[in-house]
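Here's the structure we're looking at; comments come further down.
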């Protein structure tokens, strides 16, 4: 992927940081392929701080690690918004020292003041995404406009979906005219029954590399994460992206510093570094999720902007998204979460049998 190159520029007070840092190591904990290796190398070269990148597959694994270590072991974590709400509530994150974050002014206000951190005391938004449909119009014999089209018999064995229960169960609820955040157990159970009817059409279900199945022709339609949509459309512009008519599910990936991080000062400096306009653009071109730093937007490759900038418009003097039905997915009451887990287990069992797994 062709990316802009530039010289890394840090604040003039950087030598003071080099001398006062408690140690020379910064441990970052997140998913794989979240930060460009060049950005990590730039940071080490300019600060003398070695970056150790550790990865997790599921948010819940990360939460368990932080709970067991009482918020230590890592200096900076990037995860999903819903899990960060729990982390802040449990006292496992520390408040940011905004004196060390002069580039915080570069964050797009649209992504601030979210449910997990209303006063922006603990987090910096590093990317955001929605669940988007991508399909090959040359192979699908009808126009896809929303989630309800997934049940069309013409898609038998040709549909790919993510392996995320809240996303997929929520998609079914949206197809029924309900909310992603529906908490009525009876309605969630009804969604489970409808989800079972989708089994014959699902050819692939997995969280990673779903774009490759679409590009290779193994499936013709996919409900994918934003980064997978980006990679698919960059490699094959003939594919069609659809914002589902039933509504959009939206999520943010906040970065935070654990409560007992060994090197919080280095974590602040790294956050400030990636909020630099040019460096931020470089991060989002690599990441493939929506750019959450306003100042970086003009530095993103123009060919990538349609996929990395959330469609916005101005209403009453403020920027809002263009989608009419736009939902942030929230944490649900325990009973609702339990029913979601039950219907997901039934669905994955039926799908595994159908696919011979």
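The values are calculated or read from the model by the stated rules, or taken from the named source; none is laboratory data. What you see is a predicted model, and the numbers here were worked out from it, not measured in a lab. Cβ sites come from the backbone with ideal geometry, for glycine too, and all protein chains shown count toward neighbours.
Quick one: how many residues across segment 291-334 are in a strand (DSSP E or B) and at pLDDT 95 or above?
Residues in segment 291-334 being in a strand (DSSP E or B) and at pLDDT 95 or above: 1 in total.
Residues being touching a strand residue (DSSP E or B) at 6+ places or on another chain (Cβ under 6 Å), over 27 Å from residue 262 (Cα atoms) and not in a strand (DSSP E or B): count how many of those fall in segment 111-132.
2
For segment 171-184, give me the residue count where each residue is in contact (Cβ under 8 Å) with a residue 24 or more places away in the chain and not in a helix (DSSP H, G or I).
Result for segment 171-184: 7.
Can you name the number of the only condition in (1) under 19 Å from residue 165 (Cβ atoms); (2) modelled with pLDDT of 95 or more that residue 215 fails?
Among (1) under 19 Å from residue 165 (Cβ atoms); (2) modelled with pLDDT of 95 or more, residue 215 violates only (1).
Is it true that some residue in segment 100-108 is touching a residue at least 40 places away in the same chain (Cβ under 8 Å), outside the structural domain of residue 266 (by TED's automatic domain parsing) and in a loop (DSSP other than H, G, I, E, B)?
No, because not a single residue in segment 100-108 is touching a residue at least 40 places away in the same chain (Cβ under 8 Å), outside the structural domain of residue 266 (by TED's automatic domain parsing) and in a loop (DSSP other than H, G, I, E, B).
Which strands (runs of 3 or more DSSP E) sit wholly inside segment 221-270 and have at least 2 residues that are crowded, with 20+ Cβ neighbours inside 10 Å?
Answer list for segment 221-270: 221-224, 248-256.
Answer yes if at least one residue in segment 176-194 is surrounded by 17 or more Cβ atoms within 10 Å (Cβ to Cβ) and farther than 24 Å from residue 337 by Cα, and no otherwise.
no
Condition first: on the phi > 0 side of the Ramachandran plot, part of a loop (DSSP other than H, G, I, E, B) and either in the same structural domain as residue 342 (by TED's automatic domain parsing) or in contact (Cβ under 8 Å) with a residue 60 or more places away in the chain (or both). Can you find one or more residues in segment 185-204 that meet it?
No; the residues of segment 185-204 include none that is on the phi > 0 side of the Ramachandran plot, part of a loop (DSSP other than H, G, I, E, B) and either in the same structural domain as residue 342 (by TED's automatic domain parsing) or in contact (Cβ under 8 Å) with a residue 60 or more places away in the chain (or both).
Could you tell me whether residue 91 is on the phi > 0 side of the Ramachandran plot, surrounded by 16 or more Cβ atoms within 10 Å (Cβ to Cβ) and out of contact with any helix residue (DSSP H, G or I) (no Cβ under 7 Å at 6 or more places or on another chain)?
Against the criterion (on the phi > 0 side of the Ramachandran plot, surrounded by 16 or more Cβ atoms within 10 Å (Cβ to Cβ) and out of contact with any helix residue (DSSP H, G or I) (no Cβ under 7 Å at 6 or more places or on another chain)), residue 91 does not qualify.
Would you mind telling me which numbered condition in (1) at pLDDT 95 or above; (2) more than 17 Å from the chain's Cα centre (by Cα); (3) assigned to a helix (DSSP H, G or I) residue 46 fails?
Only one criterion in (1) at pLDDT 95 or above; (2) more than 17 Å from the chain's Cα centre (by Cα); (3) assigned to a helix (DSSP H, G or I) is unmet by residue 46, namely (1).
Could we say that residue 273 is under 24 Å from residue 75 (Cβ atoms), in contact with a strand residue (DSSP E or B) (Cβ under 7 Å, 6 or more places away or on another chain) and assigned by TED's automatic domain parsing to the domain that holds residue 104 here?
Here the answer is no, as residue 273 does not meet what is asked.
Table: residues versus (1) assigned to a strand (DSSP E or B); (2) without any contact (Cβ under 8 Å) to a residue 40 or more places away in the chain; (3) surrounded by 14 or more Cβ atoms within 10 Å (Cβ to Cβ).
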residue	(1), (2), (3)
62	no, yes, yes
65	no, yes, yes
71	no, no, yes
74	no, no, yes
134	yes, no, yes
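Quick one: residue 152 ticks every box in (1) buried (at least 20 other Cβ atoms within 10 Å of the Cβ); (2) closer than 18 Å to residue 202 by Cα except a single one, so which number is it?
(1)
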